[in-house]
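The values are calculated or read from the model by the stated rules, or taken from the named source; none is laboratory data. Bear in mind that the values here come from a model prediction, so they are computed numbers and not experimental data. Every residue, glycine as well, gets a Cβ built from its backbone with ideal geometry; the counts of neighbours run over all protein chains shown. Quick note on the areas: whole protein, heavy atoms, side chains included, nothing else; ligands and nucleic acids left out. Shrake-Rupley method; radii C 1.70, N 1.55, O 1.52, S 1.80 Å.
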Amino acid sequence: MTIDVELLVVPDCASEAAAVRLTTAAVSQCGTDARVRRSIIVSDEQARQRGFTGSPTILINGADPFAVQGAAPALACRLYPTAVGLRGVPELRNLIQALQRAAG
């Protein structure tokens, strides 16, 4: 089964490069068959339609494994809780775990 990984970002996202590196590393280390793509969110309407709560958002098979209950869609930067505080991307081990859950 191929896993669909989509990176949602706003234009000129400061964390986009780190998110690309993180996603590439997680897919590689996980050893799953994954298709990775990037989509740019440019409007509030797109953010609402996609459930986009900040940039970068990583979707796995269309779902946000790091979603926060009640978070409003927004064209904004996103911060993830990590062991060393809030960061612009989630921790590698957490993304690998999300990919492994998707792979079944």
Within the range 69-101, tally of residues that are in a strand (DSSP E or B), touching a residue at least 60 places away in the same chain (Cβ under 8 Å) and open to solvent by less than 50 Å² (accessible area, probe 1.4 Å): 0
Qualifying positions in the range 21-43 - within 26 Å of Ala103 (Cα to Cα), of a type in the set (Gly, Ala, Ser) and surrounded by fewer than 18 Cβ atoms within 10 Å (Cβ to Cβ): Ala25, Ser28, Gly31, Ser39
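Yes or no, residue by residue, for (1) free of Cβ contacts under 8 Å to residues at least 24 places away in the same chain; (2) part of a loop (DSSP other than H, G, I, E, B); (3) touching a His at 6+ places or on another chain (Cβ under 8 Å); (4) over 22 Å from Arg87 (Cα atoms):
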{"position": "Arg21", "(1), (2), (3), (4)": "yes, no, no, no"}
{"position": "Thr32", "(1), (2), (3), (4)": "no, yes, no, yes"}
{"position": "Val42", "(1), (2), (3), (4)": "no, yes, no, yes"}
{"position": "Gln46", "(1), (2), (3), (4)": "yes, no, no, yes"}
{"position": "Gln49", "(1), (2), (3), (4)": "yes, no, no, yes"}
{"position": "Phe52", "(1), (2), (3), (4)": "no, yes, no, no"}
{"position": "Ile58", "(1), (2), (3), (4)": "no, no, no, no"}
{"position": "Ala67", "(1), (2), (3), (4)": "yes, yes, no, no"}
Qualifying positions in the range 1-15 - under 24 Å from Ile96 (Cβ atoms), β-branched (Val, Ile, Thr) and open to solvent by 20 Å² or more (accessible area, probe 1.4 Å): Thr2
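Looking only at residues in the range 21-36 that are among the charged types (D, E, K, R) and modelled with pLDDT under 95, which one is farthest from Pro56 (Cα to Cα)?
The selected residue is Asp33.
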Where Ala18 falls short, out of the listed (1) farther than 25 Å from Met1 by Cβ; (2) surrounded by 15 or more Cβ atoms within 10 Å (Cβ to Cβ); (3) modelled with pLDDT of 95 or more; (4) small (Gly, Ala, Ser): (2)
